[in-house]
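Undergrad: Submitted below is the structure of interest, expressed as structure tokens.
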Amino acid sequence: NLQFIGAGQQHKVMLLTSSIAGEGKTFVCINLGISLALSGKRVLLIGMDLRKPKLRRYIQDQEEGKGLTNYLTGQAVLEELILPSGLHEQLDFLPSGPVPPNPAELLMLEATGRMLQTLREQYDYILLDMPPVGLVTDALLLREWIDVALYVVRFAKTTKQQLSLADELYKNNKLPNMALVLNGVKTGLGYGYGYGYGYGYYEEK
């Protein structure tokens, strides 16, 4: 369904966030990246949760080493930080790196924008794994650099109150081309997605 969001626009940089921890944004980020890579696209995942990084642990089952924070503080160049995912030959990732004392300040640096502009030329899709926007405002700081914002909600986890935050962000256009991803839907709750979808739509009665 991503192709229908903001039809006619290029959607190279996509941000993934959620209301709270545990809704599956890193899980969705990695699986979406694999899906795009399987379709023949060159994809980069960036661990932009500089507070509680998970991307490297999920992909390599390793603790954080060098990563994005080293680049933003001028201690390393991108070429030495971007790693093959090992999940698909078309899928790379840039881990978060050491947890800094000032994550929001780092994301606001001009270096962040320059990095994303450079990577746009090298990849078909860039997926940014961000911290939950319901807890910190880091995701909102990148508004001008992204094309699509995917807000992950999880079955039996996300509350109605948290959904109201997503609604507020959408209504006030705080994130561009915002869409919801429903994660963790249990099976056996009916006929499943698509069964009878639009059934009777063309019926006269």
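The values are calculated or read from the model by the stated rules, or taken from the named source; none is laboratory data. Just so it is clear, the structure is predicted and the values come from calculations on it, not from any experiment. Because the Cβ atoms are built from the backbone with ideal geometry, glycine has one as well, and the counts that use them run over all protein chains shown. The protein model used for the area step is the full one, side chains on, heavy atoms only, and it has no ligands, DNA or RNA in it. Shrake-Rupley method; radii C 1.70, N 1.55, O 1.52, S 1.80 Å.
Undergrad: For region 155-190, give me each residue that is under 14 Å from residue 2 (Cβ atoms) and open to solvent by 60 Å² or more (accessible area, probe 1.4 Å). Give the derivation first.
TA: Of region 155-190, the ones under 14 Å from residue 2 (Cβ atoms) are 176-181.
Of everything in region 155-190, just one residue is under 14 Å from residue 2 (Cβ atoms) and open to solvent by 60 Å² or more (accessible area, probe 1.4 Å), namely 180.
Undergrad: Residue check, residue 128 against (1) over 11 Å from the mean Cα position of the chain (by Cα); (2) at pLDDT 95 or above, all met but one. Which one?
TA: (1)
Undergrad: With respect to the numbered conditions (1) in a helix (DSSP H, G or I); (2) touching a residue at least 40 places away in the same chain (Cβ under 8 Å); (3) closer than 28 Å to residue 134 by Cα, which one is the sole condition not fulfilled by residue 37?
TA: So residue 37 meets the others, but not (3).
Undergrad: If residue 54 satisfies all but one of (1) more than 19 Å from residue 138 (Cα to Cα); (2) in contact with a Gly (Cβ under 8 Å, 6 or more places away or on another chain); (3) open to solvent by 10 Å² or more (accessible area, probe 1.4 Å), what's the number of the condition it fails?
TA: (1)
Undergrad: Is at least one residue of region 83-99 open to solvent by 20 Å² or more (accessible area, probe 1.4 Å) and farther than 28 Å from residue 38 by Cβ?
TA: Scanning region 83-99 turns up at least one residue that is open to solvent by 20 Å² or more (accessible area, probe 1.4 Å) and farther than 28 Å from residue 38 by Cβ.
Undergrad: Within region 15-38, identify whether any single residue is open to solvent by 20 Å² or more (accessible area, probe 1.4 Å), farther than 30 Å from residue 169 by Cα and out of contact with any Lys or Arg (no Cβ under 7 Å at 6 or more places or on another chain), and answer yes or no.
TA: Looking for residues that are open to solvent by 20 Å² or more (accessible area, probe 1.4 Å), farther than 30 Å from residue 169 by Cα and out of contact with any Lys or Arg (no Cβ under 7 Å at 6 or more places or on another chain), one finds at least one in region 15-38, hence yes.
Undergrad: Ok, one more. Of all residues in region 148-180, how many are closer than 18 Å to residue 137 by Cβ, of a type in the set (S, T, N, Q) and outside any helix (DSSP H, G or I)?
TA: Residues meeting the conditions: 2.
Undergrad: Identify, please: which residue in region 128-154 is among the small types (Gly, Ala, Ser) and open to solvent by less than 10 Å² (accessible area, probe 1.4 Å) and is, among those, farthest from residue 48 (Cα to Cα)?
TA: As a first pass, look at region 128-154 and keep what is among the small types (Gly, Ala, Ser): 134, 139, 149.
Applying the additional criterion that residues be open to solvent by less than 10 Å² (accessible area, probe 1.4 Å) yields 139, 149.
Working: 139: 9, 149: 14 Å.
Once the filter is applied, the top-ranked residue is 149.
Undergrad: If you scan region 82-130, which residues turn out to be closer than 14 Å to residue 68 by Cβ, in contact with a strand residue (DSSP E or B) (Cβ under 7 Å, 6 or more places away or on another chain) and assigned to a loop (DSSP other than H, G, I, E, B)?
TA: Our first condition is that a residue be closer than 14 Å to residue 68 by Cβ; within region 82-130, this holds for 82-83, 92-100, 102-109, 111-116, 118-119, 126-130.
Now drop any that are not in contact with a strand residue (DSSP E or B) (Cβ under 7 Å, 6 or more places away or on another chain), which leaves 82-83, 92-96, 116, 119, 126-130.
82, 95, 96, 130 - these are the residues of region 82-130 that are closer than 14 Å to residue 68 by Cβ, in contact with a strand residue (DSSP E or B) (Cβ under 7 Å, 6 or more places away or on another chain) and assigned to a loop (DSSP other than H, G, I, E, B).
Conditions tested, residue by residue: (1) in a loop (DSSP other than H, G, I, E, B); (2) closer than 12 Å to residue 99 by Cα; (3) in contact with a His (Cβ under 7 Å, 6 or more places away or on another chain); (4) not β-branched (Val, Ile, Thr).
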position	(1), (2), (3), (4)
53	yes, yes, no, yes
56	no, no, no, yes
62	yes, no, no, yes
69	no, yes, no, no
76	yes, no, no, yes
79	no, no, no, yes
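Undergrad: Also, quick follow-up: Which residue out of 124, 61, 49 is acidic (Asp, Glu) and surrounded by 22 or more Cβ atoms within 10 Å (Cβ to Cβ)? Before you say what the answer is, go through the steps one by one.
TA: Details: 124 fails: surrounded by 22 or more Cβ atoms within 10 Å (Cβ to Cβ); 61 fails: surrounded by 22 or more Cβ atoms within 10 Å (Cβ to Cβ).
Among 124, 61, 49, only 49 is acidic (Asp, Glu) and surrounded by 22 or more Cβ atoms within 10 Å (Cβ to Cβ).
Undergrad: Find all pairs meeting these conditions: Cβ atoms under 7 angstrom apart; at least six residues apart or on different chains; first residue within region 145-172 and farther than 15 Å from residue 16 by Cα and at pLDDT 90 or above; second residue among the acidic types (Asp, Glu) and in a loop (DSSP other than H, G, I, E, B).
TA: Going by the 7 Å Cβ cut-off, the qualifying pairs are 157/23; 158/23.
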